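Trainee: Below is the structure I would like to discuss, written out as structure tokens.
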Amino acid sequence: MDHAPASLSHSQRRSIGIITGAALALYVVVRLLPTGTNLSHMDFRVVGKGAIEFCDPANPQFIPVVAARSPVSLALQSDAPPAQFKPVRFTLTMRTASGKPIAPEDLLVAHTRKLHLLIVDPTLLDYQHIHPEPGRRAGEWVFTLTPERVGTYRVFADFTPAATVRGLYAAADFNVPGLVPRVARETNQTYEAGGYIFTLETPSLFQVRKPADLRFRMERKEGGGPVELRPVMGAFAHLVAFDEERSGFAHLHPNETDLNRPPAAARPELTFKITIPQSGRYVIWAQVNLAGTVTFVPFWIDVLP
């Protein structure tokens, strides 16, 4: 049997040295390229235990945003006191833990937008996904919202700093005056809206800390026919899961990522994966674009110990 030589020749060592040097030089050049942001990776770090971790999009999990310490602070101000069924304009101010404003140039585009706000009321029956626009001052973002219910709304911010290239989160609250009603939330795998039937299949034994596969389907309620499923925010659908305490959320995207290969129109089906860390009842809101109309549908599930 032939054996490789014990040592490399001079020409081989020289070639390896050239390749290594070129790689190091390329790394230095990339690090020195301007990104448009004055913030660094260290501006998005919190020292000590309980700090929120950057999200790995390849392994979607429930993020405990409220309990964890985020390196980003949010402050909300409204032009008028929020009221049920009335549009109100908000200014959201985003700053790092050290007080530096977070402007558009400090964020990367993720799913067609630089900043996603996932907003939900105490009953989890009013979920709204909003994309603020930059305000007049650095760190300010403005948006208009019409609350459909009352109580303390929670605003989760979902964004990707250019300095880290990893997803990050923060939260803030605002109150809509009124008595929050008691609402019975029965588990469901189907939901009807706008002439469509939506189905979310979950594992028969949905347990904590175990990756779960989800199947989301759409079909016409009467007469069948094709479902015109269009992309929304760079995906065929988005799922967002909240726990009853609204301690955090999970933002899921389908495994079917090629927008040039849509699912079968007769009964389109998409698959998702999620890991839930705590048992209890959750709502999973699905967001889809059907023939140009964006539709939100809720599914209530129980996650077992």
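Rule-based calculations on the coordinates, nothing more; no lab input. As the structure is a prediction and not an experimental result, all values here were calculated from the model. Quick reminder, even Gly has a Cβ in these numbers, built from the backbone with ideal geometry, and neighbours come from all protein chains shown.
Trainee: Hey, what D do you get for the range 42-176 in µm²/s if you plug the Kirkwood alpha-carbon radius into Stokes-Einstein at 4 °C and 1.567 mPa s?
Mentor: For these conditions, the coefficient is 84 µm²/s.
Trainee: Within a 10 angstrom radius of the beta carbon, how do Leu290, Leu108 rank from fewest other beta carbons to most? Write out the running numbers ahead of the final one.
Mentor: On the way: Leu290 20, Leu108 17.
Ordered by Cβ neighbours within 10 Å, fewest first: Leu108, Leu290.
Trainee: How large are Rg and Dmax for the range 190-303 when only the alpha carbon atoms are used, in Å?
Mentor: Expressed in Å, the Cα Rg and Dmax of the range 190-303 come to 14.0, 42.
Trainee: A follow-up question, please. Neighbouring Cβ atoms within 10 Å as the yardstick, rank Trp141, Trp285, Trp300 fewest first.
Mentor: If I rank by nearby Cβ atoms, fewest first, I get Trp300, Trp285, Trp141.
Trainee: Same structure again: By how many nm would the segment from Arg136 to Asp173 grow when fully extended, if each residue of separation counts as 0.36 nm and the alpha-carbon distance is taken off?
Mentor: 11.1 nm
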